[in-house]
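Down below is the structure, laid out as structure tokens.
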Amino acid sequence: MRSGLLDLGPLRRGSGFRRLWAGGLLSALAGQVSLVALLQLVWDLTGSAALMGTLGLAHAVPMVVLGLYGGALADAYDRRRVALATTAGSAVVAALLATQAAYGLRSLALVLVLVACQAGLGALGAPARRALIARVLAPSDVPAGVALSHVGFQVSMLVGPAVGGLLVAYAGAAVAFGVQAALVGVAWLVTHGLPPTPPTPSAVPARSGRRADVSVLDGLRAVARSAVLRGAMLSDVLATVLVMPVALFPVVVAARFDDDPAVTGLMLSAVGAGGILAGLASGVVSRGRRPGRTMVAAALVWCLGVAAFGASPWLVPALLALAVAGAADTFAVIARGVLTQLATTDDQRGRVSSVEHVVGVAGPDLGNARGGAVAGFSSPEVALVSGGLLGALGVAAVAFTHPAVGAFSRDEVDARPAARRRRGRR
């Protein structure tokens, strides 16, 4: 009987995927460790809440600007080499962050430049890592591989900040950045053991004996042409830009719960706990035949869960609503990742993955900005409830106008000729 628990099969069956997963986990853990150090460092340098926002800008802008170009690199070159090059660059930047902290240079501009460099390297490498999943696994294992990758990231979010906080508190920011550099270095060694993954011939057609350029806009064109991909991305945009609640947590706490910062932590933990539990039960998604239906249903629950949180005047129901929303968000992210990987041909998987990555980075930031703006001229309750209901209506509209999303079946992929499968894993 099939189990709804997390499917560990790809880790048992694929040495390549084990390396890819371990490298991704170590890199994500390193990033979460350094996040605490960066927040503390910038606060110590500026003492300004307004200037703290420059850290977010230094991270977000390169991620969005270079994200699409990272997809082009992933399709035009060996994805293993792209991942190795960007990982090595991240290790160097982490070492530079540790050096400037150790010497006490106290330069905000230098810190922001290094953060931007690290974010840019992450944007260039992320599409290659995402697209590698379908190259190192059989098509039937790709959904479970996507789920495992997402669970690994959630584990890093749970463990990394705690480790980073302890390191900063007891050893200083320089040591935390040094640990980040060491973790990324180990990730590079693990990733180095992956087999070569050259681009498919159709991705880089020859012109007069020279490799043709791969357009960074091809991913956007592929998404626009495919009803399945277009519907997946639109549902993500609507469910984040209209619904993201995190920026309003302190405002809700101040208005309803005596301005207790511990409650803000409970709200964040509730979302994370729901996500972890859903990750452990992700076999429901990875073994499902129609990931599009799961994605739509989970996105609707996420939207309505946030609306319920906004409407609840009591703490326990509010936290339960956030936990349900966090679980639904995890299911939606995994299902969308499965849909994106399986509905895209290998020659464009890097560029399409880059679009998914950019949407995933920019959507929550825009959603938090929208929530703050609406709450500014109304109230946090209005912002949360209206956003959740509008998001649910938007996702339902996408499902209605893009029936191919719900109709897409893994059977279409599993039925591909064996020769194509073997070529995709080389």
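Among the residues of segment 183-220, those identified as part of a helix (DSSP H, G or I) and modelled with pLDDT under 80 are Pro201, Ser202, Ala203, Asp218, Gly219. Where helices (runs of 4 or more DSSP H) fall entirely within segment 230-294, those with at least 1 residues that are in contact with a Lys or Arg (Cβ under 9 Å, 6 or more places away or on another chain) and more than 15 Å from Leu315 (Cβ to Cβ) are at 283-286. If you go through segment 338-390 and keep only what is acidic (Asp, Glu) and farther than 23 Å from Met63 by Cβ, you end up with Asp346, Asp347, Glu381. Every listed requirement among (1) out of contact with any helix residue (DSSP H, G or I) (no Cβ under 6 Å at 6 or more places or on another chain); (2) touching a residue at least 60 places away in the same chain (Cβ under 8 Å) is met by Val115 save one, (1).
Of the residues Val358, Val338, Val395, Val385, which single one is in contact with a Gly (Cβ under 7 Å, 6 or more places away or on another chain), at pLDDT 85 or above and either surrounded by fewer than 20 Cβ atoms within 10 Å (Cβ to Cβ) or of a type in the set (Val, Ile, Thr) (or both)? The match here is Val385. Filter segment 76-90 down to residues that are farther than 13 Å from Gly122 by Cβ, touching a Ser or Thr at 6+ places or on another chain (Cβ under 8 Å) and not hydrophobic (A, V, I, L, M, F, W, C) and give me whichever is surrounded by the fewest Cβ atoms within 10 Å (Cβ to Cβ). This residue is Asp78. Which residues, counting only those in segment 268-301, are modelled with pLDDT under 90 and among the basic types (Lys, Arg)? Matches in segment 268-301: Arg287, Arg289, Arg290.
Looking only at residues of segment 302-316 that are part of a loop (DSSP other than H, G, I, E, B) and surrounded by fewer than 19 Cβ atoms within 10 Å (Cβ to Cβ), we find that the one that is modelled with the highest pLDDT is Trp314. Is at least one residue of segment 73-83 on the phi < 0 side of the Ramachandran plot, among the hydrophobic types (A, V, I, L, M, F, W, C) and at pLDDT 90 or above? There is at least one residue in segment 73-83 that is on the phi < 0 side of the Ramachandran plot, among the hydrophobic types (A, V, I, L, M, F, W, C) and at pLDDT 90 or above. All of Ala232, Ala222 fail the test of being under 24 Å from the mean Cα position of the chain (by Cα), small (Gly, Ala, Ser) and closer than 21 Å to Asp365 by Cβ, apart from Ala232.
The residue pairs whose first member lies in segment 382-394 and is farther than 15 Å from Asp236 by Cα, whose second member is hydroxyl-bearing (Ser, Thr, Tyr) and surrounded by fewer than 20 Cβ atoms within 10 Å (Cβ to Cβ), and whose beta carbons are closer than 9 Å, counting only pairs six or more residues apart or on different chains, are Ser386/Ser378. Going by the structure shown, is Val324 more than 14 Å from the chain's Cα centre (by Cα) and surrounded by fewer than 23 Cβ atoms within 10 Å (Cβ to Cβ)? Criteria met by Val324.
All of (1) surrounded by fewer than 20 Cβ atoms within 10 Å (Cβ to Cβ); (2) farther than 18 Å from Pro127 by Cα; (3) in contact (Cβ under 8 Å) with a residue 12 or more places away in the chain hold for Leu57 with one exception: (3).
When you check Ala297 against the structure, is it under 20 Å from Val146 (Cα atoms), within 17 Å of the chain's Cα centre (by Cα) and either free of Cβ contacts under 8 Å to residues at least 60 places away in the same chain or buried (at least 22 other Cβ atoms within 10 Å of the Cβ) (or both), yes or no? When the stated conditions are applied, Ala297 does not pass them.
The values are calculated or read from the model by the stated rules, or taken from the named source; none is laboratory data. Since we're looking at a predicted model, the values are computed, not measured. Positions of Cβ are generated from backbone atoms using ideal geometry, with glycine treated the same way; all protein chains shown enter the neighbour counts.
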